[in-house]
Amino acid sequence: VQLQASGGGLVQAGDSLRLSCAASGRTFSYYAMGWFRQAPGKEREIVAAISGSGGSTYYADSVQGRFTISRDNAKNTAYLQMNSLKSEDTAVYYCASTSPRSIQTSRARYNYWGRGTLVTVSS
């Protein structure tokens, strides 16, 4: 599975961004997807995850109510809608996939990673 994340950029606090993750290689719906982020000097952390069918989702407490993960299996694409952005959301965001269709929240369970896309939120 090859993953390509896009949509990052420089925004102001309170703005919105939508990240996309285009996948290729195998049947997209067979894979759970996750969005992770890594801020300078910090560990990579999970932001959100979604099951293969899209029926189940998970959010980190820090983004609950502000971010929405979704997927369009017909387009082989996952999304992360980010609203009410804060300066602490500044990080490189990565999409990842794993072969179990059920939600995975552990970074170690993800087999495939895309290149990151930088999100910078100015206060």
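Beta carbons closer than 8 Å, at least 6 apart along the sequence or on distinct chains, pair a first residue in segment 92-117 that is over 15 Å from ALA48 (Cβ atoms) and in a strand (DSSP E or B) with a second that is open to solvent by 40 Å² or more (accessible area, probe 1.4 Å) and at pLDDT below 95 for TYR112/GLN2. The set of residues from segment 30-60 being within 21 Å of SER123 (Cβ to Cβ) and either assigned to a loop (DSSP other than H, G, I, E, B) or under 10 Å from the mean Cα position of the chain (by Cα) (or both) comprises ARG37, ALA39, PRO40, GLY41, LYS42, VAL47, ALA60. Answer with yes or no whether LEU85 is in contact (Cβ under 8 Å) with a residue 60 or more places away in the chain, on the phi < 0 side of the Ramachandran plot and not in a strand (DSSP E or B). Yes: the conditions hold for LEU85.
The numbered conditions (1) open to solvent by 60 Å² or more (accessible area, probe 1.4 Å); (2) in contact with an Asp or Glu (Cβ under 6 Å, 6 or more places away or on another chain) are all true for VAL121 except (1).
The residue of segment 98-118 that is modelled with the lowest pLDDT, among those that are open to solvent by less than 60 Å² (accessible area, probe 1.4 Å) and more than 11 Å from PHE36 (Cα to Cα), is PRO100.
Pairs only if they're at least six apart or on different chains, beta carbon under 6 angstrom, first in segment 1-25 and under 17 Å from GLY114 (Cα atoms), second open to solvent by 30 Å² or more (accessible area, probe 1.4 Å) and charged (D, E, K, R); list them, first residue then second. Pairs that qualify, where the first residue is under 17 Å from GLY114 (Cα atoms) and the partner is open to solvent by 30 Å² or more (accessible area, probe 1.4 Å) and charged (D, E, K, R), are VAL1/ARG26; GLY7/ARG18. Scanning segment 53-76 for residues that are surrounded by 17 or more Cβ atoms within 10 Å (Cβ to Cβ) and closer than 17 Å to GLY114 by Cβ gives ILE69, ARG71, ASN76.
The values are calculated or read from the model by the stated rules, or taken from the named source; none is laboratory data. All figures in this text were calculated on a predicted structure; none of them were measured in a lab. Positions of Cβ are backbone-derived with ideal geometry, glycine not excepted, and every protein chain shown enters the neighbour counts. Just so you know, the surface numbers come from the protein's heavy atoms only, side chains and all, with ligands and any DNA or RNA stripped out. Shrake-Rupley method; radii C 1.70, N 1.55, O 1.52, S 1.80 Å.
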